[in-house]
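Contents: one structure, followed by commentary.
The values are calculated or read from the model by the stated rules, or taken from the named source; none is laboratory data. All of these numbers come straight from a predicted model, not from anything done at the bench. Using ideal geometry, Cβ is built from the backbone for each residue, glycine included, and neighbour counts are taken over all protein chains shown.
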Amino acid sequence: MKQILKVLLLMLVTGSAGFAFLYSGIYPMGADSPHTSLTYWALETLREHSIERASRTLVLPDLSSPDLILAGGADYNEMCSACHLEPGKRGSDMSAGLYPQPPNLTIPPFLHRVDDNSERTSNLAREQFWVIKHGIKASGMPAWGKTHDDQRIWAMVAFLQQLPRLDSAQYQILTARGNTEEAHH
Amino acid sequence: MSTQSFRSLLAILLFLTVPAMAHDPSEHMRAAENPDCTTMDGSSHEGMDSNDPIVQAMMKKCMSAMHKEATSIEAEATESPALGERMTEEGHSHDHPES
């Protein structure tokens with residue numbers, strides 16, 4: 001009986017301490033003060049597992065299609081490069097100032113180059129699709145699915161598969177909207 | 001229906017289509033830049049692998065850029081017909097952006 005009382009008391013104390021903390025205003029909210037490593041670990045674990053689970057069943061289209069890559073390239077350049085950079089750019093106001101920091105998508109996601117059919121690459125593509133469509137809570141990453149259909153999002157995913165291999169001249173060609181847009185109408 | 005009211009109805013309908021077009025890729029045309037395909041001639045072609053999706057995509061882009069060179073001037077000069085064309089094509093242009 002005493003044991004139970006002790007436990008209840010402890011819960012009450014920690015609970016009110018938690019509330020006191022929330023209302024005290026001492027938590028540093030600024031994007032320029034990084035998380036403690038424990039908070040960082042907790043948030044990252046939460047995000048990774050959530051996205052992995054949510055994207056598991058997505059069916060990949062053929063991501064090596066030149067049409068898809070070209071459609072995605074122009075969109076990426078206009079909507080994403082300010083945060084996720086482009087070949088030859090090492091930083092931007094957005095990439096430096098946001099927290100969590102937008103990952104530099106011109107860098108290969110894995111240290112070892114994996115062949116295109118590997119399970120890991122496909123899973124990454126699925127996760128990228130999910131993240132682009134739904135965004136990430138409490139980060140600068142918007143949910144593009146509210147204003148763009150799945151086809152446009154897969155196109156960006158297709159482009160992202162090639163982006164780490166592009167130099168800035170190739171990037172320019174693949175992303176320039178130019179006047180080629182209406183060619184196929 | 002009088003011409004007057006038909007015109008205002010048309011104006012309203014046109015206005016209503018604006019949000020639908022808001023995310024047509026061509027909306028982003030303000031940033032339109034032409035692909036700089038000269039860099040492709042410069043680089044040695046022997047290193048190019050025609051199975052590489054990057055190479056295929058670049059070829060495709062530069063081919064259609066050359067094709068469009070001539071017609072683009074007319075297209076730019078007559079802006080309003082181009083806009084109307086985009087509206088009518090809105091529905092299916094999303095489903096298969098390149099076909």
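Points to keep in mind about this one:
- Residues satisfying the stated conditions in region A:51-64, i.e. surrounded by 18 or more Cβ atoms within 10 Å (Cβ to Cβ) and closer than 10 Å to A:Ala155 by Cα: A:Leu63
- Residue in region A:139-149 that is polar (S, T, N, Q), without any contact (Cβ under 8 Å) to a residue 40 or more places away in the chain and either in contact with a Phe, Trp or Tyr (Cβ under 7 Å, 6 or more places away or on another chain) or within 13 Å of chain B (Cβ to nearest Cβ) (or both) present: yes
- So A:Pro87, is it of a type outside the set (Val, Ile, Thr), within 14 Å of chain B (Cβ to nearest Cβ) and part of a loop (DSSP other than H, G, I, E, B): yes
- The one condition from (1) part of a helix (DSSP H, G or I); (2) surrounded by fewer than 20 Cβ atoms within 10 Å (Cβ to Cβ); (3) at pLDDT 95 or above that A:Trp154 does not meet is (2).
- For A:Ala143, the stated conditions do not hold, so it cannot be described as among the aliphatic types (A, V, I, L, M), over 12 Å from the mean Cα position of the chain (by Cα) and at pLDDT 95 or above.
- Complete set of residues in region A:64-90 that are modelled with pLDDT under 95 and within 29 Å of A:Ala138 (Cβ to Cβ): A:Lys89, A:Arg90
- Residue check, B:Asp24 within 17 Å of A:Arg177 (Cα to Cα), surrounded by fewer than 16 Cβ atoms within 10 Å (Cβ to Cβ) and modelled with pLDDT of 55 or more: no
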